[in-house]
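Student: Handing you this structure, nothing more for now.
The values are calculated or read from the model by the stated rules, or taken from the named source; none is laboratory data. For clarity, every value in this text was computed on a predicted model and none was experimentally measured. Quick reminder, even Gly has a Cβ in these numbers, built from the backbone with ideal geometry, and neighbours come from all protein chains shown. With ligands, DNA and RNA removed, areas are computed over all heavy atoms of the protein, side chains included. Shrake-Rupley method; radii C 1.70, N 1.55, O 1.52, S 1.80 Å.
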Amino acid sequence: MFNQVYDWMDERLQLKATVRNILEHPVPDHVNFLHCFGGITFTLIVVQALTGMFLALYYVPAPEQAFASVEYISREVAFGKAIRGMHRVGASLAVIMVVVHMVRVYFTGAYKKPREMNWLIGVTLLFVLLGFGFTGYLLPWDQKAYWATAVGTNMAGSVPVIGDFLLKVLRGGTELGSLTLTRFYAVHIWFLPAGLTGLLALHFYMVRKQGIAGPL
Amino acid sequence: MDNQPKTAGEPVSRRSFLSYSLGLSGLAFSALLGVPLAGFALNPALVKENVKWLEVINIEEIPADQPLRVNVKFRRKDGWAEKEETKSIWVVKLGGEVIAYSALCTHLGCAYTWREEQKVFYCPCHGGMFDIQGNVTGGPPPRPLDRYETKVENGRLLAGRLMRKEG
Ligand code: HEM
Ligand code: FES
């Protein structure tokens, strides 16, 4: 049955060659477990995207409702604690794994010519991941979230010359409030994922095009 | 594209004319979309806030040389909502002068307290310290405590715009 469908599609799309090209792509001899961390990070990101999409079924980004909706997820929704927990723990793990990945790339010298651009894309990816962490941390709208954001945005405010403007852009005004929450939410679920997707596509395209860097 | 045939008398080839036009219209479209989008996103940072004078406390109720934290209730417009909020302001009467300090540490914005034994404002977050005049006496804060512009009307202390003194 499966084979028949597959053959039918292959006849129209010539899938087999592409699939073989992906599955039978040779891996160089020197590749070992140290080369797994980028892939682990990506796996974690896929889990984050999934759990995040489901959290959005119940979460409400408004000051009066955010905390209550998060409590509702934890207390009443089936597997709510688990889904929230996965999204929280996964966020930290992704940052840890991406740092390990970066360290591996650094110590194997894989950032050198011709891979400089991919290193730079990697650095941008790191900041995007940290951006996810920063914006996501506010969303439960409890005391810890509120004050972490108060302090975090104040740091941006201490930048010379443009600090004040930067702070207002981040907060959506001088004070932390409804507008901070809606913009952090929008950035967390739309702007950053869009950026992440594009950057990852470039990152993987370059890895594939340039091949894994040679042994030390 | 050096081997493109150039038609005699045409300073720009048809192909590059078309690519320039395409590039230019791309730019124009981006601007057409980008300017309103940027204005939309940055709006809260660009509008001028009108600062209202808040009634803090009766001048007589402020003890001399003894900082007092006052919780001031006020209405604040928060996006689409208007809310009753409370803001803490530290008031100090020094000699004849009354000072109103923002209750947030100038380091990274934690709430500080007054320590009577040491006569300092102490911030628990990173150990910032200020004397009663608001000057930094210890820890990481980069500038003295921020003061509110103040005035007295009918014996009541009013606080207005927050002023920042670089230290
Ligand atoms: C969102 C985070 C990231 C993901 C999902 C990711 C994923 C990957 C994957 C799957 C690979 C293939 C080889 C491997 O896994 O080691 C790779 C290679 C690479 N990554 Fe990342 N990466 C991320 C962030 C970064 C960062 C932060 C840097 C450095 C600043 C970086 C620099 C590189 C470089 C230079 C290569 C090529 C290495 C080689 O050819 O041996 N990446 N990445
Ligand atoms: S916030 Fe007060 S010392 Fe850092």
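Student: In the range B:39-83, which residues become less accessible by 10 Å² or more once every protein chain is in place, relative to the chain on its own, using a 1.4 Å probe?
Tutor: At a threshold of 10 Å² (probe 1.4 Å), the residues of the range B:39-83 that become less exposed are B:ALA41, B:LEU42, B:PRO44, B:ALA45, B:LEU46, B:GLU49, B:ARG76, B:ASP78, B:GLY79, B:TRP80, B:LYS83.
Student: Let me ask something else about it. Provide a whole-number value for the mean count of partner chain Cβ atoms within 10 Å of the Cβ atoms in peptide B:104-110.
Tutor: Mean inter-chain Cβ contacts per residue within 10 Å come to 5.
Student: If you don't mind, another one. Would you grab the residues whose amide H sits under 5 Å from the one on B:ILE57? Only those 5+ places off in sequence or on another chain, please, with H modelled 1.01 Å from N.
Tutor: Amide H neighbours of B:ILE57, under 5 Å, 5+ apart: B:LEU157.
Student: Work out the FRET efficiency for A:ALA62 and A:THR174 from their Cβ-Cβ distance, taking R0 = 22 Å, and round it to the nearest 0.05.
Tutor: Calculated value: 0.65.
Student: Where does the charge balance sit around A:GLY173 when Lys and Arg score +1, Asp and Glu -1, over other residues with C-beta under 14 Å from its C-beta? Walk me through the numbers before you get to the answer.
Tutor: Values: positive: A:LYS168, A:ARG171, A:ARG183, B:LYS48, B:ARG76, B:LYS77, B:LYS83; negative: A:ASP164, A:GLU175, B:GLU49, B:ASP78, B:GLU82, B:GLU85.
Once positives and negatives cancel, what remains is +1.
Student: Roughly what angle does helix A:143-157 make with the longest principal axis of chain A, taking Cα atoms, 0 to 90 degrees, to the nearest 10?
Tutor: The angle comes out at about 80 degrees.
Student: What accessible area, summed over both chains, is buried at the B-A interface (1.4 Å probe, Å², nearest 100)? Don't skip to the end; give the middle numbers.
Tutor: Details: alone 11680 and 14150 Å², together 24330 Å².
Buried surface at the B/A interface: approximately 1500 Å².
Student: Another question, then. I need the calculated FRET efficiency for the pair A:MET117 and A:LEU50, taking r as the beta carbon distance and R₀ as 41 Å, to the nearest 0.05.
Tutor: Given R0 = 41 Å and the Cβ-Cβ separation, E is 0.85.
Student: Applying 1/(1 + (r/R0)^6) with R0 = 22 Å to the Cβ-Cβ distance of A:THR124 and A:VAL103, what FRET efficiency is obtained, to the nearest 0.05?
Tutor: Rounded to the nearest 0.05, the efficiency is 0.80.
Student: What is the ratio of the Cα radius of gyration of the range A:28-210 to 2.2 N^0.38 Å, with N the residue count, to two decimals? Please report the intermediate quantities before stating the final value.
Tutor: Details: Rg = 18.3 Å, N = 183, 2.2 N^0.38 = 15.9 Å.
The value comes to 1.15.
Student: Quick one: pull the percent of accessible area on chain B belonging to carbon and sulfur, 1.4 Å probe, ligands and nucleic acids left out.
Tutor: 57
Student: Okay, moving on. Using only the alpha carbons of chain B, determine the length spanned along each of the three principal axes and report them from longest to shortest in whole angstroms.
Tutor: 93, 36, 25
Student: How big is the dipole moment of the protein assembly as shown about its Cα centre under a simple scheme where the beta carbon of each Lys and Arg is +1, that of each Asp and Glu is -1, and everything else is neutral? Debye, nearest 20, please.
Tutor: 680
Student: So if I place +1 on the C-beta of Lys and Arg and -1 on the C-beta of Asp and Glu, and nothing else carries charge, what would the dipole magnitude of the range B:36-83 be about its Cα centre? I want it in debye, nearest 20.
Tutor: Values: 8 positive and 7 negative charges, 68 e Å.
Charge dipole, the range B:36-83, about its Cα centre: 320 debye, nearest 20.
Student: If you line up the long axis of helix B:14-46 against the longest principal axis of chain B, both from Cα atoms, how many degrees apart are they, to the nearest 10?
Tutor: That helix lies at roughly 10 degrees to the long axis.
Student: Relative to the longest principal axis of the C-alpha atoms of chain A, give the angle of the C-alpha long axis of helix A:80-107, reported between 0 and 90° and rounded to the nearest 10°.
Tutor: Its long axis makes an angle of about 60 degrees.
Student: Per residue, what accessible area does the protein assembly as shown have, given a 1.4 Å probe and all protein chains present, in Å²? Don't skip to the end; give the middle numbers.
Tutor: Working: 24330 Å² over 383 residues.
Accessible surface, normalised per residue, equals 64 Å².
Student: When N counts the residues of the protein assembly as shown, how does its alpha-carbon radius of gyration compare numerically with 2.2 N^0.38 Å, as a ratio? Spell out each step's value before the answer.
Tutor: Values: Rg = 28.8 Å, N = 383, 2.2 N^0.38 = 21.1 Å.
Taking N as the residue count of the protein assembly as shown, the ratio is 1.36.
Student: Would you mind computing, in nm to one decimal, how far apart the modelled labels at B:TRP80 and B:GLU116 are, each placed 7 Å from Cα along Cα→Cβ?
Tutor: 4.8
Student: Could you point to the residue in A:TYR72, B:SER19, B:LEU32 farthest towards the positive end of the protein assembly as shown's charge dipole, with +1 and -1 charges on the Cβ of Lys/Arg and Asp/Glu respectively?
Tutor: Farthest towards the positive end: B:SER19.
Student: Roughly speaking, to the nearest percent, how much of the range A:88-216's 1.4 Å accessible area is carbon and sulfur?
Tutor: Exposed carbon and sulfur together represent 74 percent of the surface.
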